[in-house]
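Trainee: Pasting a structure here, questions to come.
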Amino acid sequence: MEKDARIQKLLVLLQLEKRGWVIVDHWDADLCAVGIATAGFPRKLVYVSVLGMPDGNYYFECESPTGAEATEYQVTQEGNADSIDKLLVVLERHLST
């Protein structure tokens with residue numbers, strides 16, 4: 001994966017496999033963003049971006065499907081997390097429901 005070093009570091013720290021999470025990357029061209037979902041429900045995801053963010057800060061959008069098509073979704077929450085711990089809370093809450 002040729003993503004920004006901050007995204008790569010984040011993915012290592014999140015221990016995706018251990019949590020049952022997977023990368024869902026609808027943003028191949030955006031090297032500063034990635035989607036994270038559960039293995040069993042890849043359309044409910046959290047988009048995470050580091051573009052324009054200070055080190056250790058993350059912009060996120062929690063997305064839930066509203067229809068059968070991949071483009072049919074709604075953003076249920078968005079914001080900034082100023083630490084990986086705060087981002088982890090967002091990820092766990094959204095991906096566990």
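Trainee: Calculate the dipole size of the chain relative to its Cα centre from +1 charges on Lys and Arg beta carbons and -1 charges on Asp and Glu beta carbons; express the result in debye to the nearest 20. Before the final figure, lay out the partial values.
Mentor: Working: 9 positive and 15 negative charges, 76 e Å.
The calculated dipole for the chain is roughly 360 debye.
Trainee: A follow-up question, please. By the gyration tensor of its Cα atoms, with a ≥ b ≥ c the square roots of the eigenvalues, what is the shape of region 12-52: rounded for a/c under 1.5, prolate for a/b over b/c, or oblate? Don't skip to the end; give the middle numbers.
Mentor: Values: a/c = 2.46, a/b = 1.47, b/c = 1.67.
Taking the square roots of the gyration eigenvalues as a ≥ b ≥ c, region 12-52 is oblate.
Trainee: Excluding the sites themselves, what is the longest stretch of the chain that contains no GluC sites (Glu not before Pro) in a DSSP loop with at most 14 other C-beta atoms within 10 Å? Display every interim value, and only then the final one.
Mentor: Details: sites that count: Glu2, Glu69, Glu72.
After excluding every exposed loop site, the longest remaining stretch is 3-68.
Trainee: Would you please put 19-29, 45-55 in order of how densely packed they are, using the mean number of other Cβ atoms within 10 angstrom per residue and starting with the highest? Intermediate values should be presented prior to the final figure.
Mentor: Numbers: 19-29: 14.7, 45-55: 16.9.
So the order, starting with the most tightly packed, is 45-55, 19-29.
Trainee: Continuing with the same structure: Measuring from a point 7 Å past the Cα of Gln77 along Cα-to-C-beta, which residues in region 31-57 have an amide N at less than 16 Å?
Mentor: Label zone hits: 36-38, 44-49.
Trainee: Round to the nearest 10 and give me the degree value, 0 to 90, for the angle of helix 84-96's Cα axis relative to the longest principal axis of the chain.
Mentor: Orientation of helix 84-96: about 10 degrees from the principal axis.
Trainee: Is the C-alpha gyration tensor of the chain telling us rounded, prolate or oblate? Criteria: a/c under 1.5 is rounded; beyond that, a/b larger than b/c is prolate, otherwise oblate. Mind dumping the intermediate values first?
Mentor: Details: a/c = 1.42, a/b = 1.36, b/c = 1.05.
Rounded, since a/c falls under 1.5.
Trainee: Residue separation times 0.36 nm, minus the C-alpha to C-alpha distance between Glu69 and Val89: what's the value?
Mentor: On the way: separation 20, 0.36 × 20 = 7.20 nm, distance 2.79 nm.
Extending this stretch completely gives an extra 4.4 nm.
Trainee: With the contact rule set at Cα under 8 Å and sequence spacing of 6 or more, what percent relative contact order holds for the chain?
Mentor: Details: 160 pairs, mean separation 19.1, N = 97.
RCO, the chain: 20 percent.
Trainee: Under the Karplus relation 6.51 cos²θ - 1.76 cosθ + 1.60, θ = phi - 60°, what is the ordered set of whole-Hz ³J(HN,Hα) values for region 54-69, x standing for Gly and Pro?
Mentor: Running phi through 6.51 cos²θ - 1.76 cosθ + 1.60 with θ = phi - 60° gives x, 3, x, 10, 9, 8, 9, 9, 8, 10, 10, x, 10, x, 6, 7 Hz.
A short reminder: the numbers here are calculations on the coordinates, not readings from a lab. Small disclaimer: the values here were computed from a predicted structure and weren't measured. Don't worry about glycine lacking a Cβ; one is built from the backbone with ideal geometry, like all the others, and counts go over all protein chains shown.
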